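> First, the structure itself, so that you have it in front of you.
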Amino acid sequence: MERHHAPRRPSRSARARPLLWAQVAVLAAGLGCVATGLLPMAEAQASMVRIAPILLFLTGVLVLAELTKQAGVFQLIAARLAWLAGGSYLALFLLCSIFVALVTMFLNRDTAAALLTPVLLALAPKARIKVLPVAIMSVWLADTASLLLPVSNLTNLLAMNRLGLSTHEFAARMWVPQVVSLTVSMSFLWLLYWRRGRRQADRYTPPEPERPADRVLFGAAALACALFVVLVLANVSVHVAALVAVTIVVAAFAARAREKLTWGLIPWQLLIFVTGLFLVVPTLGLHGLDTMMRWLIGAEGGAEGAFRAAAAGAALSNLVINLPAYVAGEHALAGAGTDQLLALLVGTNVGPIITPWASLSTLIWFEYIRRHRVTISVRSFMLAGALLAAGAVPATVVALLLTT
């Protein structure tokens, strides 16, 4: 008798192949730019020198996050947040939002995406809420809460140096736009993901306190994360801080759970993509990107110039990545006023929340949720991000202009 088998669903690895091929294609395109001379060798070498610390940071912080998760640190923090909220979803929402925002402001957006995403993912089952609301919170606030301090984002450091501002002067100029950006983001988060109609419950039962399975691994991982934070606050380069911290936790796992140390911990796909991106984008800059930015921003000053600079920064960030977008916009704004440059900063900080590659923090976030098999529709992610960008960027620019 002939047997009829139900069609088999493609495996996760099969479903991930299109993304892998796209990442490889970006690297191939970048290498092709160098091979054909579209990107001169000197420019390519300079780009690789600039990107080397970023690649080291990516590798170190993602391995640190993964091993720290396996040691149970993130689960314990998540349980404590759920316990502090006392069963109230509104209290939990506010606690998590403030937590992510403060880490983003005082460390940086990439650190927040790398270290807080696993905390919030571990929080979801403890608070009996779907994974998507807490996952989206970590990536949205890592972007939109990155305006306040120079350390919050690398683009902030570039803008501060360009304008000749001190840290205090920069914060004094940006605190109102930061409040507006954060308020709009939290409002969208609540309406789209956290409101009663989205979570199907009024309250949850706070979890019981948890104990780590291996106290030595737990202590080493907690120490490594704390040291990473201290080093970053002490102005140590983030890639050095990440490598120091990951060395501690790797040594602990080598002694206690060597089988957990595999080559799969290294984010190969992300490293391939970022390397290719930083070859392709400089090529585009040499062959029309800078000219396009000048056309998009225009020669007008005042409010119109500020809105055009923010819109151009947000649009280009979602096409390439926010750091090269800011640099291209800064070149186009040579001689422009403070408001227009800071509006560009708003566009490249708050606006890169639409495409999966719009910022390094978003790339880190997508890599982490891919590793932990969190299902998310890229189409829905981009649509929700477009709605937030359309609301948050103009509102933040208005706040910037009103506080000139």
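> Which ones in the stretch 338-359 are out of contact with any Phe, Trp or Tyr (no Cβ under 9 Å at 6 or more places or on another chain) and in a helix (DSSP H, G or I)?
Thr338, Asp339, Gln340, Leu341, Leu342, Val346, Val350
> Here's something else I'd like to know. Could you list, in sequence order, the residues of the stretch 314-332 that are outside any helix (DSSP H, G or I) and touching a residue at least 60 places away in the same chain (Cβ under 8 Å)?
We begin by selecting, within the stretch 314-332, every residue outside any helix (DSSP H, G or I); these are 320-321.
Once the filter is applied, which keeps residues that are outside any helix (DSSP H, G or I) and touching a residue at least 60 places away in the same chain (Cβ under 8 Å), the stretch 314-332 yields nothing.
> Output the number of residues of the stretch 293-324 satisfying the condition of being among the small types (Gly, Ala, Ser) and modelled with pLDDT under 85. Reasoning before the result, please.
So the first thing to find is which residues in the stretch 293-324 are among the small types (Gly, Ala, Ser), and the list is 298-299, 301-303, 305-306, 309-315, 317.
If we keep only those that are modelled with pLDDT under 85 as well, we get 298-299, 301-302.
Matching residues across the stretch 293-324 total 4.
> Further question on the same structure: Would you be able to tell me the number of residues in the stretch 171-185 that are within 13 Å of Val346 (Cα to Cα) and either without any contact (Cβ under 8 Å) to a residue 24 or more places away in the chain or among the hydroxyl-bearing types (Ser, Thr, Tyr) (or both)? Spell out how you get there, then give the answer.
Of all residues in the stretch 171-185, those within 13 Å of Val346 (Cα to Cα) come to 173-182.
Retained after the next criterion (residues that are either without any contact (Cβ under 8 Å) to a residue 24 or more places away in the chain or among the hydroxyl-bearing types (Ser, Thr, Tyr) (or both)): 181.
Here the count works out to 1.
> Within the stretch 255-277, restricting attention to residues that are at pLDDT 85 or above and polar (S, T, N, Q), which residue is nearest to Arg370 (Cα to Cα)?
Top of the filtered list is Thr262.
> If you go through the stretch 40-57 one residue at a time, do you hit one that is part of a helix (DSSP H, G or I), at pLDDT 90 or above, farther than 25 Å from Pro356 by Cβ and of a type outside the set (Gly, Ala, Ser)?
Yes, the conditions are met somewhere in the stretch 40-57.
> Does at least one position in the stretch 358-366 carry a residue that is more than 20 Å from Asp110 (Cα to Cα) and in contact (Cβ under 8 Å) with a residue 40 or more places away in the chain? Break it down into steps so the answer makes sense when it comes.
To start, the set of residues in the stretch 358-366 that are more than 20 Å from Asp110 (Cα to Cα) comprises none.
Within the stretch 358-366, not a single residue is more than 20 Å from Asp110 (Cα to Cα) and in contact (Cβ under 8 Å) with a residue 40 or more places away in the chain.
Table: residues versus (1) modelled with pLDDT under 85; (2) assigned to a helix (DSSP H, G or I); (3) farther than 25 Å from Ala172 by Cβ; (4) of a type outside the set (D, E, K, R).
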| residue | (1), (2), (3), (4) |
| --- | --- |
| Phe93 | no, yes, yes, yes |
| Cys96 | no, yes, yes, yes |
| Thr104 | no, yes, no, yes |
| Ala114 | yes, yes, yes, yes |
| Pro118 | yes, yes, yes, yes |
| Arg128 | yes, no, yes, no |
| Val134 | no, yes, yes, yes |
| Met137 | no, yes, yes, yes |
| Trp140 | no, yes, yes, yes |
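> Also, I was wondering about something else. Please go through (1) assigned to a helix (DSSP H, G or I); (2) within 23 Å of Ala386 (Cα to Cα) for Ser146 and return the number of the only condition it doesn't satisfy.
Of everything listed in (1) assigned to a helix (DSSP H, G or I); (2) within 23 Å of Ala386 (Cα to Cα), Ser146 misses just condition (1).
> Still on this structure: Does any residue in the stretch 382-404 that is touching a residue at least 12 places away in the same chain (Cβ under 8 Å) come within less than 7 Å, Cβ to Cβ, of a residue that is among the hydroxyl-bearing types (Ser, Thr, Tyr) six or more places away or on a different chain, and which pairs are these?
From residues that are touching a residue at least 12 places away in the same chain (Cβ under 8 Å), the pairs are Met382/Thr355; Leu388/Ser185; Ala392/Thr144; Ala392/Ser181; Ala392/Ser185; Thr396/Ser181.
> Moving to a separate point now. Leu90: closer than 17 Å to Leu277 by Cβ and either of a type in the set (A, V, I, L, M, F, W, C) or surrounded by fewer than 18 Cβ atoms within 10 Å (Cβ to Cβ) (or both), yes or no? Give the derivation first.
Details: closer than 17 Å to Leu277 by Cβ: no; either of a type in the set (A, V, I, L, M, F, W, C) or surrounded by fewer than 18 Cβ atoms within 10 Å (Cβ to Cβ) (or both): yes.
Criteria not met by Leu90.
> From the residues in the stretch 251-281 that are over 21 Å from Pro53 (Cα atoms), among the aliphatic types (A, V, I, L, M) and outside any helix (DSSP H, G or I), which one is nearest to the chain's Cα centre (by Cα)?
The qualifying residue nearest to the chain's Cα centre (by Cα) is Leu261.
> Of the conditions (1) under 25 Å from His239 (Cβ atoms); (2) modelled with pLDDT of 90 or more; (3) of a type in the set (A, V, I, L, M), Ala28 clears all except one; give me its number.
(1)
> Every residue in the stretch 103-114 that is surrounded by fewer than 24 Cβ atoms within 10 Å (Cβ to Cβ) and touching a residue at least 40 places away in the same chain (Cβ under 8 Å), please. Outline the logic, then answer.
If we filter the stretch 103-114 for residues that are surrounded by fewer than 24 Cβ atoms within 10 Å (Cβ to Cβ), which is where we start, we get 103, 105-107.
Passing the criteria: Met105, Phe106, Leu107.
> For the stretch 218-250, what are the residues that are modelled with pLDDT under 90, hydrophobic (A, V, I, L, M, F, W, C) and in a helix (DSSP H, G or I)? Steps first, please.
So the first thing to find is which residues in the stretch 218-250 are modelled with pLDDT under 90, and the list is 225-226, 228-242.
Keeping just the survivors that are hydrophobic (A, V, I, L, M, F, W, C) gives 225-226, 228-234, 236, 238, 240-242.
Matches in the stretch 218-250: Cys225, Ala226, Phe228, Val229, Val230, Leu231, Val232, Leu233, Val238, Val240, Ala241, Ala242.
> Turning to a different aspect of this structure: Considering only residues of the stretch 359-384 that are of a type in the set (Ser, Thr, Tyr) and over 10 Å from the mean Cα position of the chain (by Cα), which is modelled with the highest pLDDT? Step through it out loud before you land on a result.
First, pick out the residues of the stretch 359-384 that are of a type in the set (Ser, Thr, Tyr): 359, 361-362, 368, 375, 377, 380.
Okay, now just the ones that are also over 10 Å from the mean Cα position of the chain (by Cα), so 368, 375, 377, 380.
Details: Tyr368: 78, Thr375: 79, Ser377: 85, Ser380: 90.
If we take residues in the stretch 359-384 being of a type in the set (Ser, Thr, Tyr) and over 10 Å from the mean Cα position of the chain (by Cα), then Ser380 is modelled with the highest pLDDT.
> Name the single residue that is modelled with the lowest pLDDT among those in the stretch 191-203 being assigned to a loop (DSSP other than H, G, I, E, B) and more than 29 Å from the chain's Cα centre (by Cα).
Filtering the stretch 191-203 for residues assigned to a loop (DSSP other than H, G, I, E, B) gives 195, 200-202.
Pick out the ones that are also more than 29 Å from the chain's Cα centre (by Cα) and you get 201-202.
Numbers: Ala201: 72, Asp202: 78.
Looking at residues that are assigned to a loop (DSSP other than H, G, I, E, B) and more than 29 Å from the chain's Cα centre (by Cα), I get Ala201.
> Okay, next question. Give me the residue from the stretch 281-304 that is surrounded by fewer than 20 Cβ atoms within 10 Å (Cβ to Cβ) and aliphatic (A, V, I, L, M) and, out of that set, farthest from Gln45 (Cα to Cα).
Ala303
> Assuming Pro212 fulfils every condition listed in (1) part of a helix (DSSP H, G or I); (2) in contact (Cβ under 8 Å) with a residue 60 or more places away in the chain apart from one, which condition is it?
(1)
The values are calculated or read from the model by the stated rules, or taken from the named source; none is laboratory data. Keep in mind that this is a model prediction, so the values were computed, not measured. Reconstructed Cβ throughout: ideal geometry from the backbone, glycine too, with neighbour counts over all protein chains shown.
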